[in-house]
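Heads up: the structure comes next, in structure tokens.
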Amino acid sequence: MATKFSVPEISCDHCKSTIVNTLSGVENIESVDVDVQTKNVTLESSEEINLDLVKSLLDEQGYTIVS
């Protein structure tokens, strides 16, 4: 199951690394793909993920999710 959203604050590979490391440990998330150019994040999961948790975790790192 793929979940895609935009994160306007993504500007470099450090942002990408921070997002991947932050979300990789979340239950049911199998992979995290961050496209620095388009500022899009795609999550692959085995089941539906808790988007409120994802938003909260990214907010703690200074990133905002835009659907």
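When you check residue 16 against the structure, is it basic (Lys, Arg), surrounded by 14 or more Cβ atoms within 10 Å (Cβ to Cβ) and on the phi < 0 side of the Ramachandran plot, yes or no?
When the stated conditions are applied, residue 16 passes them.
Answer yes or no as to whether residue 58 is without any contact (Cβ under 8 Å) to a residue 60 or more places away in the chain and assigned to a helix (DSSP H, G or I).
yes
Can you name the residue in segment 1-47 that is in a helix (DSSP H, G or I) and without any contact (Cβ under 8 Å) to a residue 12 or more places away in the chain and, of all such residues, is farthest from the chain's Cα centre (by Cα)?
Going through the qualifying residues, I end up with 14.
Applying the selection to segment 28-67, what residues are polar (S, T, N, Q) and within 14 Å of residue 10 (Cα to Cα)?
Across segment 28-67, the qualifying residues are 37, 38, 40, 42, 61, 64.
Of everything in segment 49-67, what is within 17 Å of residue 2 (Cβ to Cβ) and in contact with a helix residue (DSSP H, G or I) (Cβ under 6 Å, 6 or more places away or on another chain)? Give them in sequence order.
65
Look through segment 25-48, keep the residues that are among the polar types (S, T, N, Q) and surrounded by 12 or more Cβ atoms within 10 Å (Cβ to Cβ), and return whichever of them is nearest to residue 4 (Cα to Cα).
Of segment 25-48, the ones among the polar types (S, T, N, Q) are 28, 31, 37-38, 40, 42, 45-46.
Keeping just the survivors that are surrounded by 12 or more Cβ atoms within 10 Å (Cβ to Cβ) gives 28, 31, 40, 42, 45.
Details: 28: 15, 31: 12, 40: 7, 42: 4, 45: 11 Å.
My answer is 42.
Every number in this text was worked out from the coordinates using simple rules, so none of it is lab data. A quick note: this is a predicted structure, and the numbers were derived from the prediction, not measured. In this analysis, Cβ positions are derived from the backbone assuming ideal geometry, glycine residues included, and neighbour counts consider all displayed protein chains.
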